[in-house]
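Notes for the one structure printed next.
The values are calculated or read from the model by the stated rules, or taken from the named source; none is laboratory data. Because the structure is predicted, anything quoted here is derived from the model rather than measured. Because the Cβ atoms are built from the backbone with ideal geometry, glycine has one as well, and the counts that use them run over all protein chains shown. With ligands, DNA and RNA removed, areas are computed over all heavy atoms of the protein, side chains included. Shrake-Rupley method; radii C 1.70, N 1.55, O 1.52, S 1.80 Å.
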Amino acid sequence: MRAAFAFLLGTLAACNPQPANTGAEMDLPRGVVRSGYEFLQPETRILQDDDFENPGLLWVQQGAVLFETPMQGGPACASCHGEGGRLLTGAAAHYPAMESQSGELVNLEGRINLCRERYQGAPALAYESSELLALTAYTASLARGMEQSVNITGAAAPYYDAGRAYFFARKGQYNLSCHQCHDENWGRQLRGDTISQGHGNAFPAYRLEWQDFGSLHRRLRDCDSGIRAEPLPYGSETYVAVELYLAKRAEGLVMESPGVRR
Amino acid sequence: MAVIRISAPETAEKNEVIEIKAMIQHPMETGYRRDERGDVIPRDIITNFRCGYNGEIVFEAEFLPGIAANPFLTFYLRATHSGSLNMSWTDQDGQSWSATHALTVA
């Protein structure tokens, strides 16, 4: 990976000199939005599409069981949200979203933890714990195939702006921004990888490189470490804001979770 | 908790060859990797898979550290009589997980 990024650095520096971040860069144009799925090898796409072989379904199945299980301090998720998550169909496609009580932006993981703390008398689950991944995967799967659509107006607007600013900011020892890879160089090779447009619609997803299922924040941490920037902590407000920017930027794409990625 | 997924027909004709798919959630940690601090991540693998057909072992596999995480097997057997398929996975420390699938042979 390190070699791959060093190689890219050379390429970008040679053919694509960038001025310092001015804040005036162009967002990804509407007409060209394409899912990371389209940049995968055919074998990986087949794995994602297979209703049995997709390894992410292990987490969905685990989540389905947890969803129906009552807690000591409160009822099961299913007793408020319906058997089989009936009343949560499509909900995940609108996250991150503003949470009215706290006035903060929450992603799906954060929303699930709020329900645990408020309604189940249970402690918040740790990010990347198998339970939180499973519940997130299950809830996201209830929106599979639906178009991502988030609200970025009102109180959400400053979060959107912060997420966008992070996306355009150069950082790390390689001094690269998300924008340079995912807006300006998508479709190009980065050694063995084809750089996609960097959408989050497949997450939480199974990554073959991880040999594991992981959240979008884990993916963002990989991109940040790839350019030798300090990755932000799991669940950080900035990453949730980036998630909002990504979700708006991906508008029109359908939810793929549980996705499979290289 | 290890999640198990099984895909197999519920009914079959006598002597029909049927396809069984079985997957289990497991890290299959090789023991060769190191964590962020440079410490070895201890080996943690499933070493054995067995499928019994009314008690008789009809398929068995030995797993080594080179097997990917969440091992997935596809195998075939001849449906001779109604009964249960019992699939079990055992790890290096002897812990095991199992699932049963009922098969009706017409």
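Could you run through segment A:217-243 and say how many residues are out of contact with any strand residue (DSSP E or B) (no Cβ under 7 Å at 6 or more places or on another chain) and aliphatic (A, V, I, L, M)?
Here the count works out to 3.
Does segment B:38-48 include one or more residues that are open to solvent by less than 20 Å² (accessible area, probe 1.4 Å), over 21 Å from A:Pro55 (Cβ atoms) and away from chain A (no Cβ under 14 Å)?
No, every residue in segment B:38-48 fails to be open to solvent by less than 20 Å² (accessible area, probe 1.4 Å), over 21 Å from A:Pro55 (Cβ atoms) and away from chain A (no Cβ under 14 Å).
Please determine, by comparing only the residues of segment A:183-206 that are under 30 Å from B:Val3 (Cα atoms) and out of contact with any Phe, Trp or Tyr (no Cβ under 8 Å at 6 or more places or on another chain), which one is farthest from the other protein chains (Cβ to nearest Cβ).
Applying the filter and picking the extreme gives A:His199.
Within segment A:48-74, work out how many residues are more than 30 Å from A:Ala122 (Cα to Cα) and open to solvent by 40 Å² or more (accessible area, probe 1.4 Å).
4
If you go through segment A:41-62, how many residues are within 13 Å of chain B (Cβ to nearest Cβ) and not in a helix (DSSP H, G or I)?
Within segment A:41-62, residues that are within 13 Å of chain B (Cβ to nearest Cβ) and not in a helix (DSSP H, G or I) number 7.
Among the numbered conditions (1) closer than 19 Å to A:Gly235 by Cβ; (2) without any contact (Cβ under 8 Å) to a residue 40 or more places away in the chain, tell me where A:Ala78 comes up short.
Among (1) closer than 19 Å to A:Gly235 by Cβ; (2) without any contact (Cβ under 8 Å) to a residue 40 or more places away in the chain, A:Ala78 violates only (1).
How many residues does segment B:1-37 hold that are assigned to a strand (DSSP E or B) and either within 14 Å of another protein chain (Cβ to nearest Cβ) or open to solvent by less than 80 Å² (accessible area, probe 1.4 Å) (or both)?
The number of residues fulfilling the criteria is 14.
Can you tell me which of (1) at pLDDT 95 or above; (2) surrounded by 15 or more Cβ atoms within 10 Å (Cβ to Cβ) is the one A:Glu25 doesn't meet?
It is condition (1) that A:Glu25 fails.
Does any residue of segment B:19-31 turn out to be touching a Leu at 6+ places or on another chain (Cβ under 6 Å) and within 30 Å of A:Leu132 (Cα to Cα)?
There is at least one residue in segment B:19-31 that is touching a Leu at 6+ places or on another chain (Cβ under 6 Å) and within 30 Å of A:Leu132 (Cα to Cα).
Mind checking whether some residue in segment A:142-152 is open to solvent by 30 Å² or more (accessible area, probe 1.4 Å), part of a helix (DSSP H, G or I) and not acidic (Asp, Glu)?
Scanning segment A:142-152 turns up no residue that is open to solvent by 30 Å² or more (accessible area, probe 1.4 Å), part of a helix (DSSP H, G or I) and not acidic (Asp, Glu).
Quick check: is even one residue across segment B:56-66 within 14 Å of chain A (Cβ to nearest Cβ), in contact with a Phe, Trp or Tyr (Cβ under 8 Å, 6 or more places away or on another chain) and modelled with pLDDT under 95?
Yes: segment B:56-66 contains one or more residues that are within 14 Å of chain A (Cβ to nearest Cβ), in contact with a Phe, Trp or Tyr (Cβ under 8 Å, 6 or more places away or on another chain) and modelled with pLDDT under 95.
Of everything in segment B:64-80 that's without any contact (Cβ under 8 Å) to a residue 60 or more places away in the chain and not in a strand (DSSP E or B), which residue is nearest to A:Pro55 (Cα to Cα)?
B:Asn70
Does A:Ala78 satisfy the criteria of being within 18 Å of the chain's Cα centre (by Cα), aliphatic (A, V, I, L, M) and open to solvent by less than 30 Å² (accessible area, probe 1.4 Å)?
Answer is no for this residue.
In the list A:Ala93, A:Ala134, which residue meets the criterion of being in contact with a strand residue (DSSP E or B) (Cβ under 7 Å, 6 or more places away or on another chain), closer than 21 Å to A:Val240 by Cβ, open to solvent by less than 20 Å² (accessible area, probe 1.4 Å) and part of a helix (DSSP H, G or I)?
Just one listed residue meets the conditions, A:Ala93.
Evaluate the following for B:Thr74: is it within 10 Å of the chain's Cα centre (by Cα), within 12 Å of another protein chain (Cβ to nearest Cβ), of a type outside the set (Asp, Glu) and surrounded by fewer than 17 Cβ atoms within 10 Å (Cβ to Cβ)?
The answer is yes for B:Thr74.
Which one is most open to solvent (accessible area, probe 1.4 Å), of the residues in segment A:96-131 that are within 18 Å of A:Leu142 (Cβ to Cβ) and either within 14 Å of another protein chain (Cβ to nearest Cβ) or of a type in the set (S, T, N, Q) (or both)?
Among residues in segment A:96-131 that are within 18 Å of A:Leu142 (Cβ to Cβ) and either within 14 Å of another protein chain (Cβ to nearest Cβ) or of a type in the set (S, T, N, Q) (or both), the one most open to solvent (accessible area, probe 1.4 Å) is A:Glu131.
Considering only helices (runs of 4 or more DSSP H) fully contained in segment A:159-262, which possess at least 2 residues that are open to solvent by less than 10 Å² (accessible area, probe 1.4 Å) and hydrophobic (A, V, I, L, M, F, W, C)?
A:237-249
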